[in-house]
Structures are given as structure tokens and as C-alpha cells.
Amino acid sequence: MKKRVLILLAVLGAALFFMNDKTSKKEAVPLSYDAKAAIVMNEAGKVLYEKNSKQALPIASMSKLMTQYIILEALANNDLSWDDKYEPSAVAMNQDRHAVKLGMDTNSTYTVRELFIAMTVISANDATIALAEMVSGSEEAFVVEMNKRAKQLGLKNTHFVNATGLDADETNQATARDVAAIARTVLNEHPEILEFTRMTDFTTDEGVKRWSTNLMLPGMPEAMPGLDGLKTGYTEIAESCFASTGIFNGERIITVVIGVEADGKDTTTPRFDLTRELIDSYVLNK
């Protein structure tokens, strides 16, 4: 009889422990917009929030994070310099008419710095192809390098088919965790990228002012104090995407949202609103 009582007390005690443990955890915060996948990570790599973060999905122009990483590596190794000149190739010029472009002139030359700014600030696809050609000779060869780097970083669910993230017969895919890992690697090894991701605008040689696609930067319509990057993305297949970074509560935070649902025809604002809510809920008000 005494043994049965002790067993019963033990079972009740375990039940109470798990009940208390469950209620002690912070409940998921209701969010205004949904995404196919998302993650919030601090600079040490600790995950503060995640949803479907290990599911490989199309990532659109967030692919350019890997392109940026390889370009910055080439610069660090003196295989490339900021002042190197590029003469536009037919491939770089012949981008889909719907693709975002710098709009290069065949009679002009462009520096690596000019191309990197255009790729980073407005997500210019012709500038991205140009940089890929400068490093590897062709976009195809550059993509081989992108996948090689992904493997070196241990990103088993990332695969690139182009340097830009544009939709094709196949499309670039990665998980939210992998995108965050790429972002974290770039920020750790090449913090100078923030010099470019902080830019709200730039002016072309023709005198045309171009504005950043990142509307959460200070001075922009969706500004959030502390945020200083990182890369937007959108295609019909991938839908709205955004990899952000900034200093909040004294530490650098990285967020990634993939496949954010549109608000009617608005595909831009929801990704920024969701990012803000994730930072508010899981970083600032944790």
C-alpha cells in the first residue's frame, strides 16, 4: 500500500512539474502577418524565435548575401579592388525587363564599388551579374563557387542556380536558418558590409537618385531605430522576403522572414511590419 502511494505521489509530482513548465514558457505572440518561415537570432547564434526554420524555400534576392560574401572575400584577398573597372557584357546588359537594374551603358565603365552599392542598395541584378563575372569569369562559374561556399559553411539545405535570386526554371533555395547563418558569417567576417547596407540612397553617374529597398533604415518610411541592414527579396515564387540586422538591447540581432503574405497588392510593407513585430516581441520585450 505504501509503495502504491509513493508511486502515485511521484506521478502527480511529475504531472505538476510538466504543467508548471508548460505555463512558465512564453506563449507565442500573435503576429499581424504570416510567413512560410522565420527566425530571430542573436550575434552569438542563439535562436530566440523560429518557425519552419529548417524548411528549404525560394529566397529571391536574399541570395545576394552569398554573392556579397564572395565579393568581399575577393576584395580581402586582393583578387579584386574597389576601383577595378568593369565594361558591361552582353549577359549583364540582357536582363529581364522586369528585373531591377542599375541600367548600365555599354559605352561606360563601372567600378566594383559602384556595382556593389547598386547590388546592395537597390538589389540591381545587372550589377550582380557584373560582379560575378569579375570574380569568376561568368555567372555559371560564380554559382559553382556559391554552392562550394554553402557546403563549406555546413549549409546542407541551400542550393544556388544563379547569383541574383531571380526566378528561373529552377530557383535558389535555402532555409531561414541557413540565410541567417550566411548573414551572420558576412557580418562577423566582413563588418564593412554595413557601410553599404546603411545607405538609404545613392546617385548614379547620370545624376539619378536611387533609393534603398530596405524601408526600415533610419530616415526611411518604415524606419526602426537600431536597424542597419541587410537584404530584401521578392519574386512571384518566393514572395516577400527580408533578412534584417541591427543593434537592439546592446546586441546585434539577425532576423529572416521568407514568403510573407501580401496585404492585398502590397507585397512590401508586410515583411517590414512582421520583422518589427518579431524584434519587438522576442528581443525588445522578451
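The values are calculated or read from the model by the stated rules, or taken from the named source; none is laboratory data. Everything quoted here is computed from the prediction, not taken from an experiment. Please note: Cβ atoms are built from the backbone with ideal geometry, for glycine as well, and neighbour counts cover all protein chains shown. Remember, those area values only see protein heavy atoms, side chains included, never the ligands or the DNA or RNA. Shrake-Rupley method; radii C 1.70, N 1.55, O 1.52, S 1.80 Å.
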Suppose only helical runs count, i.e. DSSP H with n ≥ 4. What mean residue ellipticity at 222 nm does that imply for the chain under -39500 (n - 2.57) per run, divided by all residues and rounded to the nearest 500 deg cm²/dmol?
-11500 deg cm²/dmol
With a 1.4 Å probe and every protein chain left in place, tell me how much accessible area D83 has, in Å² to the nearest 10.
120
Starting from one equal scatterer on each C-alpha and no solvent at all, send me the Debye-based log10 I(q)/I(0) for the range 46-98 at q = 0.16, 0.29 Å⁻¹, two decimals.
-0.81, -1.15
Under 20 Å from the 7 Å Cα→Cβ point of D201, by amide nitrogen: which residues of the range 107-126?
114-124
What pairs from K156/K265; K54/K148; K64/K286 go past 26 Å between their alpha carbons?
K156/K265; K64/K286
HN-Hα J in Hz across the range 231-243 - Karplus 6.51, -1.76, 1.60, θ = phi - 60°, x for Gly and Pro:
7, 8, x, 7, 9, 5, 6, 6, 6, 6, 9, 6, 10
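May I ask you to rank D205, D34 by accessible area, largest first, using a 1.4 Å probe over the protein chains only?
Putting D205, D34 in descending order of accessible area: D205, D34.
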So how exposed is T267, as accessible area in Å² (1.4 Å probe, rounded to 10)?
40
Most positive-pole-ward Cα, T120, Q55, L102, against dipole of the chain from beta carbon charges:
Q55
Please tell me the relative contact order of the range 86-178 in percent, rounded to the nearest whole number, where contacts are Cα pairs under 8 Å and at least six residues apart.
21
Would you mind classifying the range 83-221 by shape? Square roots of the alpha carbon gyration tensor eigenvalues, ordered a ≥ b ≥ c; an a/c under 1.5 is rounded, otherwise it is prolate if a/b is larger than b/c and oblate if not.
oblate
So how much slack lies between D105 and A262, counting 0.36 nm per residue of separation and subtracting their Cα-Cα distance, in nm?
53.0 nm
With +1 on the Cβ of every Lys and Arg and -1 on the Cβ of every Asp and Glu, the dipole magnitude of the chain about its Cα centre, in debye rounded to the nearest 20, is 2080
Please work out the average accessible area per residue across the chain, using the 1.4 Å probe convention, and give it in Å².
49
Quantify, in whole percent, the carbon and sulfur part of the accessible surface of the chain (1.4 Å probe; protein heavy atoms only).
51
So if I restrict to the alpha-carbon atoms in the range 187-286, what is the Rg, and what is Dmax, the biggest pairwise distance, in Å?
14.1, 47
I'd like to know which of I193, T235, P88 lies farthest towards the positive end of the charge dipole of the range 88-235, counting +1 on Cβ of Lys and Arg and -1 on Cβ of Asp and Glu.
I193
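Can you tell me, using C-alpha contacts under 8 Å and at least 6 residues apart, the relative contact order of the chain as a whole percent?
Working: 510 pairs, mean separation 67.0, N = 286.
Relative contact order for the chain comes out at 23 percent.
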What is the diffusion coefficient of the chain in µm²/s, taking the Kirkwood radius over Cα pairs and the Stokes-Einstein relation at 4 °C with a viscosity of 1.567 mPa s?
65
In a shell of Cβ-Cβ distance under 11 Å around R252, excluding R252 itself, what net charge do Lys and Arg (+1) and Asp and Glu (-1) give?
-2
